[in-house]
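The values are calculated or read from the model by the stated rules, or taken from the named source; none is laboratory data. For clarity, every value in this text was computed on a predicted model and none was experimentally measured. Virtual Cβ from ideal backbone geometry, glycine too; neighbours counted across all protein chains shown.
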Amino acid sequence: MFRLSETPVAPAALARELAHTSAGACVTFEGWVRDRNDGRAVLRLGYQAYAPLANNEGQRIVAEAREKFAILDARCVHRVGTLEIGELAVWVGVSAAHRGAAFDACRYVIDEVKKRVPIWKNEHYADGESGWLHPDNTPVSAGDRLV
Amino acid sequence: MNYRVLYFASLRDRAGMDAEQVNSLAVDARALYSELCARHGFTMSEDRLRVAINGEFAAWEQHLHDGDEVVFIPPVSGG
C-alpha cells in the first residue's frame, strides 16, 4: 500500500496495520523535516505531488519490495502540502518473519520512493528565499528557479 | 490538437500556473516541450526531465493524441 496524505499521519496506527501472526519483525522508517539543509536554515517545507502517477509508482515500488524480499506486508505514506520542522514527511513500514528481510525491504522502499515518485520538496529558508530541491538535496540551479 | 499540460515544482513557478490547455501541432512530447520552452522560458533541458502521458511515464517520442494529459517531470525530491 502506498498513499499520499494531506493531513498528519499517525505512525503507531500505521504500524498496527502491518500486524500478521507470522511476523517476527517489524521495521519502520520515519523521514522528518529538519531545520537545516546544505548549510541554510530552513523554516518549513512544501511538498507537491503529481498524485495519479505518484500513487501508481509508489504502489509499484511496494509490489517490487514484496517480490524481492521475504516480507509479509509493506506500506508507505508520504505527506503533501506545507510541513513544519519536526513533522513526519514520509513513513515506511515492513513486517516479515525475520528482521533481515524487513530491514532490506524498508531501505529499498524509501530509497526507490526518493528516486522515482513524482514528489517535490520546496524549502522555505529563513532569509525569505525558497527553492526546489534535487534528489541529492542540492538546490535546482538558479537558472531553473524562481527566486 | 488540444493537450492538457500540468506543471510542477520549478516548471510551475516559471510558467506561473498549475495547468493549461495547449492547442498545438506538436505530435510528441519532445516537440511540445520545445514549444512550451519558447512560450514560458523554461531552461531545464530535456535530459533532466521525464515525461508522463495520462498518468504514466512515457517516452519522449510517444505519439500524442487529442485530449492527452502531458506532464514534464522535473528531478524528484520526495522523502
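Of the residues making up the stretch B:5-21, at least one is small (Gly, Ala, Ser) and assigned to a strand (DSSP E or B).
A residue that is at pLDDT below 95 and either of a type in the set (Lys, Arg) or in a loop (DSSP other than H, G, I, E, B) (or both) occurs nowhere in the stretch A:54-61. Number of residues in the stretch A:3-28 that are within 21 Å of residue A:118 (Cβ to Cβ), surrounded by 12 or more Cβ atoms within 10 Å (Cβ to Cβ) and not basic (Lys, Arg): the value is 3. Taking strands (runs of 3 or more DSSP E) as the structural unit, those lying wholly within the stretch A:80-147 and holding at least 1 residues that are surrounded by 15 or more Cβ atoms within 10 Å (Cβ to Cβ) and modelled with pLDDT of 95 or more correspond to A:81-84, A:88-96, A:119-125.
Kindly indicate whether any position in the stretch B:46-61 is under 12 Å from the mean Cα position of the chain (by Cα), surrounded by 14 or more Cβ atoms within 10 Å (Cβ to Cβ), in contact (Cβ under 8 Å) with a residue 60 or more places away in the chain and facing another protein chain (nearest Cβ under 10 Å). Scanning the stretch B:46-61 turns up no residue that is under 12 Å from the mean Cα position of the chain (by Cα), surrounded by 14 or more Cβ atoms within 10 Å (Cβ to Cβ), in contact (Cβ under 8 Å) with a residue 60 or more places away in the chain and facing another protein chain (nearest Cβ under 10 Å). Scanning the stretch A:20-42 for residues that are in contact with a strand residue (DSSP E or B) (Cβ under 7 Å, 6 or more places away or on another chain) and away from chain B (no Cβ under 14 Å) returns A:20, A:22, A:23, A:25, A:26, A:27, A:28, A:35, A:36, A:40, A:41. Scanning the stretch A:29-54 for residues that are surrounded by 17 or more Cβ atoms within 10 Å (Cβ to Cβ) and either of a type in the set (S, T, N, Q) or without any contact (Cβ under 8 Å) to a residue 40 or more places away in the chain (or both) turns up A:37, A:48. Whenever a residue of the stretch A:77-92 is touching a residue at least 12 places away in the same chain (Cβ under 8 Å) and away from every other protein chain (no Cβ under 13 Å), its partners that are surrounded by 18 or more Cβ atoms within 10 Å (Cβ to Cβ) and aliphatic (A, V, I, L, M), lying with C-beta atoms within less than 7 angstrom and at least six residues away or across chains, give the pairs A:84/A:33; A:85/A:33; A:86/A:33; A:87/A:33.
Among residues of the stretch A:114-128 that are more than 9 Å from every other protein chain (Cβ to nearest Cβ), those with a Cβ under 8 angstrom from a residue that is basic (Lys, Arg), sequence gap 6+ or separate chain, pair up as A:123/A:40; A:124/A:44; A:125/A:40; A:126/A:40; A:127/A:40. If I filter the stretch B:33-44 for residues that are out of contact with any Leu (no Cβ under 7 Å at 6 or more places or on another chain), buried (at least 19 other Cβ atoms within 10 Å of the Cβ) and farther than 26 Å from residue A:111 by Cα, do I get at least one hit? Yes, the stretch B:33-44 contains at least one residue that is out of contact with any Leu (no Cβ under 7 Å at 6 or more places or on another chain), buried (at least 19 other Cβ atoms within 10 Å of the Cβ) and farther than 26 Å from residue A:111 by Cα. For first residues located in the stretch B:7-32 and within 13 Å of chain A (Cβ to nearest Cβ) and surrounded by fewer than 19 Cβ atoms within 10 Å (Cβ to Cβ), partners that are assigned to a strand (DSSP E or B) and not aromatic (Phe, Trp, Tyr) and lie 6+ apart or on another chain with Cβ distances below 6 Å form the pairs B:19/B:6.
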